[in-house]
Number of protein chains: 2
Amino acid sequence: MADTRDRILAATNESFRRRGYHGTSIKDVTRAAGATIGSLYHFFPGGKTALAEAVIIESGAAYRRLFELIADEAADPAAAITAFFDGAALVLEDSDFLDVCPIGTVAREVASTDDDLRTATDAVFRSWIDAAAERFTPITPITPITPTTPTTPATPVSDEARALATTVVAALEGGLILARARRDATILQTIGRQMAGLVSHALATRPPASSSGRPPRSRTARTRP
Amino acid sequence: MADTRDRILAATNESFRRRGYHGTSIKDVTRAAGATIGSLYHFFPGGKTALAEAVIIESGAAYRRLFELIADEAADPAAAITAFFDGAALVLEDSDFLDVCPIGTVAREVASTDDDLRTATDAVFRSWIDAAAERFTPITPITPITPTTPTTPATPVSDEARALATTVVAALEGGLILARARRDATILQTIGRQMAGLVSHALATRPPASSSGRPPRSRTARTRP
DNA sequence: TGAAGGCTAGAACCATCGTTCTACTAGAGC
DNA sequence: GCTCTAGTAGAACGATGGTTCTAGCCTTCA
């Protein structure tokens, strides 16, 4: 069955969220996935590094889809932020404070020692920042419908929007650290409120006030990662 | 010589910043510290966990002192935030993107698996949030000079100030992740500006505007950690 | 029927892990 | 001198790390 690869990815994801990159053992992963070492090295000939890279890329993409899904349904960017942070708080609590995001943990562990993995985490963070920054940018009157690569934003994004998006992603990753350390998910909600306030204030004062939300876009809807 | 303990702590600190908790080996630490395994277990009979706890507590306290030092010299809370984030960016760049803070990394790695270490990281974060929240709280007319324990703020701190402080600490920890992943220290400066804006806006609108900075307090000045 | 290829299976390898343990040195106090 | 304690030194231990490798199981296709 070809879903062995998926089971291995899922088990690795969970172990990263629980113990981080170095704390995750290949043998534990295979055991948890109900797979064998042979299978793991069959699907990931590059070993642990390749496996980690796949987890980072695939769950990074899943989170981006999740954010866009939430943002599409929210009335405005600030509401999207609140909803996303509240959702993260819920997941955190439901999972008994298992880490929500394996990428931040791995990013910190390997940034100084493994350049391939560092680059992979950076690409994921970039993608998230792009997705958020797009939502923070008022739509230009005529949007050219060029089917460019998904990581390149369709509309040009202002420096202000990008700074805002960067801050939101940072606050999310940092908030996960604080909330897990205290085993208190409301910390994430609190930070989400602050971020929503920051975003709505910036959007109200800085650009020509287009208070309406963004138009619905091509949906790549999916379930939770 | 009794500074063996200090050398071990410093080497562990650096290894945590480079490789995280699980990536740090006792033997590497002793080698880097110019100490022996016997000495390490002499000073830290609790082994790796006790060593990590000491690193967390001691460098956590050093960062708090550093923040208070910067805040004492800044004109207002927003300027303090900017200065602190800029300082972190500078350290990050000067150290060739070695992690600035070992605590956040360890916190994420162990929160699900080691309750003692999780509690230690939580205490440090709490202490930072207290220190920042105090600066965000306008001084009450008469401050009772009760020499309480240092972690208890002398002035009662509003929920708003605490939420603000929590957000700033989260943004700092998350910003370190992003900046290291991209090897770009300006990310920290950007986030610092956003946080300064958030803080000054909140302080200007919410409480009775006491635009002057806080009075100089009893200094526990110290050098960089 | 036979060959090929995708996938499973797990023993074996050596390196390294955190920890324990015994032996030793140096200096203080009596 | 002797004793005691703080600290140094590193060999040895069993467990576990990531990886390699050979063998075998199915399914597909000729």
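Looking at A:Arg162, A:Arg118, A:Arg135, which is the one that is in a helix (DSSP H, G or I) and at pLDDT below 95? Before the answer, list the steps.
Working: A:Arg162 fails: at pLDDT below 95; A:Arg118 fails: at pLDDT below 95.
From the options A:Arg162, A:Arg118, A:Arg135, the qualifying one is A:Arg135.
Taking the options A:Phe67, A:Phe97, name whichever one is away from DNA strand C (no atom under 16 Å from the Cβ), assigned to a loop (DSSP other than H, G, I, E, B) and either at pLDDT 95 or above or not basic (Lys, Arg) (or both). I'd like the intermediate steps shown before the answer.
Details: A:Phe67 fails: assigned to a loop (DSSP other than H, G, I, E, B).
The unique qualifying residue is A:Phe97.
Within the stretch B:23-50, can you find the residues that are within 12 Å of DNA strand C (Cβ to nearest atom), surrounded by 21 or more Cβ atoms within 10 Å (Cβ to Cβ) and assigned to a helix (DSSP H, G or I)?
B:Val29, B:Thr30, B:Leu40
Can you name the residue in the stretch B:51-61 that is of a type in the set (Val, Ile, Thr) and within 16 Å of DNA strand C (Cβ to nearest atom) and is also nearest to the other protein chains (Cβ to nearest Cβ) among such residues? Explain how you work it out, then say what you get.
As a first pass, look at the stretch B:51-61 and keep what is of a type in the set (Val, Ile, Thr): B:55-57.
Next cut, within 16 Å of DNA strand C (Cβ to nearest atom) only: B:55-56.
Numbers: B:Val55: 15, B:Ile56: 11 Å.
Across the stretch B:51-61, the extreme among qualifying residues is B:Ile56.
Could you say which residue among B:Gly20, B:Gly47 is within 16 Å of DNA strand D (Cβ to nearest atom), at pLDDT 95 or above and in contact with an Asp or Glu (Cβ under 6 Å, 6 or more places away or on another chain)?
On the way: B:Gly47 fails: in contact with an Asp or Glu (Cβ under 6 Å, 6 or more places away or on another chain).
Sole residue among the options that is within 16 Å of DNA strand D (Cβ to nearest atom), at pLDDT 95 or above and in contact with an Asp or Glu (Cβ under 6 Å, 6 or more places away or on another chain): B:Gly20.
Have a look at A:Ala54, A:Ala88, A:Ala83, A:Ala61 and point out the one that is within 16 Å of DNA strand D (Cβ to nearest atom), touching a helix residue (DSSP H, G or I) at 6+ places or on another chain (Cβ under 8 Å) and aliphatic (A, V, I, L, M).
On the way: A:Ala88 fails: within 16 Å of DNA strand D (Cβ to nearest atom); A:Ala83 fails: within 16 Å of DNA strand D (Cβ to nearest atom); A:Ala61 fails: within 16 Å of DNA strand D (Cβ to nearest atom).
On inspection, the qualifying residue turns out to be A:Ala54.
Got a sec? Which of B:Ala123, B:Ala75, B:Ala79 is in contact (Cβ under 8 Å) with a residue 40 or more places away in the chain, within 14 Å of another protein chain (Cβ to nearest Cβ) and surrounded by fewer than 22 Cβ atoms within 10 Å (Cβ to Cβ)?
After ruling out the rest, the residue left standing is B:Ala123.
Does the stretch B:170-193 include one or more residues that are within 12 Å of chain A (Cβ to nearest Cβ) and at pLDDT below 95? Before the answer, list the steps.
Let us first name the residues in the stretch B:170-193 that are within 12 Å of chain A (Cβ to nearest Cβ), namely B:170-184, B:186-193.
In the following step, the residues that additionally are at pLDDT below 95 were identified as none.
No, there is no match, as no residue in the stretch B:170-193 is within 12 Å of chain A (Cβ to nearest Cβ) and at pLDDT below 95.
May I ask you to verify whether A:Thr49 is among the β-branched types (Val, Ile, Thr) and in contact (Cβ under 8 Å) with a residue 40 or more places away in the chain? First the steps, then the outcome.
Values: among the β-branched types (Val, Ile, Thr): yes; in contact (Cβ under 8 Å) with a residue 40 or more places away in the chain: yes.
The answer is yes for A:Thr49.
Anything in the stretch A:1-17 that is within 12 Å of DNA strand D (Cβ to nearest atom) and over 27 Å from B:Gly20 (Cα atoms)? List them, or say none.
Of all residues in the stretch A:1-17, those within 12 Å of DNA strand D (Cβ to nearest atom) come to A:1-2, A:12, A:15-16.
Residues satisfying the conditions are A:Met1, A:Ala2.
When you scan the stretch A:9-17, do you find a residue that is buried (at least 19 other Cβ atoms within 10 Å of the Cβ), in contact (Cβ under 8 Å) with a residue 24 or more places away in the chain and in contact with a Lys or Arg (Cβ under 7 Å, 6 or more places away or on another chain), even just one?
There is no residue in the stretch A:9-17 that is buried (at least 19 other Cβ atoms within 10 Å of the Cβ), in contact (Cβ under 8 Å) with a residue 24 or more places away in the chain and in contact with a Lys or Arg (Cβ under 7 Å, 6 or more places away or on another chain).
The values are calculated or read from the model by the stated rules, or taken from the named source; none is laboratory data. The structure displayed is predicted, hence computed values, not measured ones. Cβ coordinates were reconstructed from backbone atoms using ideal geometry, including for glycine residues, and neighbour counts include every protein chain displayed.
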